[in-house]
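Read the structure below first, then the notes.
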Amino acid sequence: MADTAFFHKLMALALNVFDAYSAVLFLSDPDSEDCRVAAHYSLGDDVKADVVISPGMGLAGWIIRNQKPLLVGNFDQKRGFLGYYDQKDEARIRAFMGCPVPLCGGAVCLDSRKTFTFGEKDQKILGQFADIAASHVMAERQRAEDARDARYHRALATISGLRRSHPTWPAFQAALLGALSEATGFSACFLAVRDESGHGYYLEGPCRGVFEHPLDAPKKFTMGQGLIGWVFKNNSPAFVGDGESSAAPAPLFGKDVPATEFRSVICLPLAFARRSRAVLVLADERPLGFGPDIKDFARMTSEYLVLFLENLHLKSRLSHGPS
C-alpha cells in the first residue's frame, strides 16, 4: 500500500516549488499497467482522487506509456485532456508538466491556470521529484517483501514441526492447511484425495465457502472433470490468476457442480508410490495476482505434505505385512 502521507507531503512541496495549481502523483497498480492517483495536492478541491489511467489515456497516460517527460505551455483541451478533473474544471487549466516515475511506473503531473508557467529547467527539477517518489516506492516494496519472506519463514518453521506436535493425520492436516491459508492469504485451502477405486476423489479439510449450497455438495467427485480432475490426470500443477494466466473463474469440480467462482487458484499434485494420491488446493474469490513467492511456498509445503503421506502409506503397508 502506498505511503499516502509521504506522497501527500511530496506533492505539496512540488506545488509550492513550481507555483502550480495542482500536483498529482499516479502510481501503477500491482501486476497491472493501469495507474491510479496515489496522492495529490491542489489549491482547489476539484481533483478526482479515484481516477485510474491506462497507458496512452490523456497526457498522464502518454507519459506512462512512453516513459518520457511532457511539457505543454499553452494547453489546448481540444487536442488533449488530463483526466483527473471534471470537464468544466479542466477547461480552466492553461499549462501542464509531467515526468514518468522510473522503475515502478506512474507519473508526477503538475498543472497551472496560467499559460507558460513551467519551463525546461522546471521539468528537470520535477524529474528529481519523480526519482524521490520512485525511491520511496521501491523501499516500501522491499520492506513488504522482507515482511512477507519473514512470514513464510515462520510458517515453514511451524509446518516443519507439525509431524512431532501433531502425529495423527487429522490433526496434522488441519494444522498444516490452517498455516498455509494464513501465510498465503487464500481463503480456501483443502485436499482432494483419490478414492480407493481411482475413479473419483473426495475432499478433506475446511471447505467453508467452497460450494454455493454446502448441504447439497457431492460427497465424491468424478475423476477427470474440472481443474482438480485435470491435475489428477496430468500429474501437473495448475494456476489461475497468478499474473501470468487469466483470472477468469475456474470450475474446480466441473461445470455441473455449483461451486463458488474462484479467480485465484493453486492446485498442486501430491504424488508418491508412482501415482497422484491427492491434490493440494488453494483458492480465493478475489483476483490476488499472486507471484512466484507464493507458488514456491506452496510447493515447499506440498513436498513436506507428501513426505508425511508417504510415511503414513509405508506404515500402513508394514502394518498389513507383505502382500
Legend entry - Counted residues, region 167-210 - those being under 30 Å from the mean Cα position of the chain (by Cα), aliphatic (A, V, I, L, M) and over 17 Å from F221 (Cα atoms): 8
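To keep it simple, each residue is scored yes or no on (1) out of contact with any strand residue (DSSP E or B) (no Cβ under 9 Å at 6 or more places or on another chain); (2) within 28 Å of S32 (Cα to Cα).
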position	(1), (2)
I63	no, yes
V72	no, yes
D76	yes, no
M97	no, yes
E140	yes, yes
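So is N66 out of contact with any Lys or Arg (no Cβ under 9 Å at 6 or more places or on another chain) and on the phi < 0 side of the Ramachandran plot or not?
Working: out of contact with any Lys or Arg (no Cβ under 9 Å at 6 or more places or on another chain): yes; on the phi < 0 side of the Ramachandran plot: yes.
It is true that N66 is out of contact with any Lys or Arg (no Cβ under 9 Å at 6 or more places or on another chain) and on the phi < 0 side of the Ramachandran plot.
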Inset, instruction - Could you look through region 251-275, keep only residues that are open to solvent by 10 Å² or more (accessible area, probe 1.4 Å) and in contact with an Asp or Glu (Cβ under 9 Å, 6 or more places away or on another chain), and pick out the one that is modelled with the lowest pLDDT? - result: A273
Legend entry - Residues of region 253-284 satisfying the condition of being of a type in the set (G, A, S) and part of a strand (DSSP E or B): A259, S264, A271, S276, A278, A283
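What strands (runs of 3 or more DSSP E), lying completely within region 10-117, carry at least 1 residues that are hydroxyl-bearing (S, T, Y) and open to solvent by 50 Å² or more (accessible area, probe 1.4 Å)?
Details: elements: 22-28, 35-42, 70-72, 95-100, 106-112.
Once the strands (runs of 3 or more DSSP E) in region 10-117 are filtered for at least 1 residues that are hydroxyl-bearing (S, T, Y) and open to solvent by 50 Å² or more (accessible area, probe 1.4 Å), what remains is 35-42.
The values are calculated or read from the model by the stated rules, or taken from the named source; none is laboratory data. If you're wondering where the values come from, they're calculated on a predicted model, not measured in any experiment. Reconstructed Cβ throughout: ideal geometry from the backbone, glycine too, with neighbour counts over all protein chains shown. What goes into the accessible areas is simple: the full protein's heavy atoms, side chains included, and nothing from ligands, DNA or RNA. Shrake-Rupley method; radii C 1.70, N 1.55, O 1.52, S 1.80 Å.
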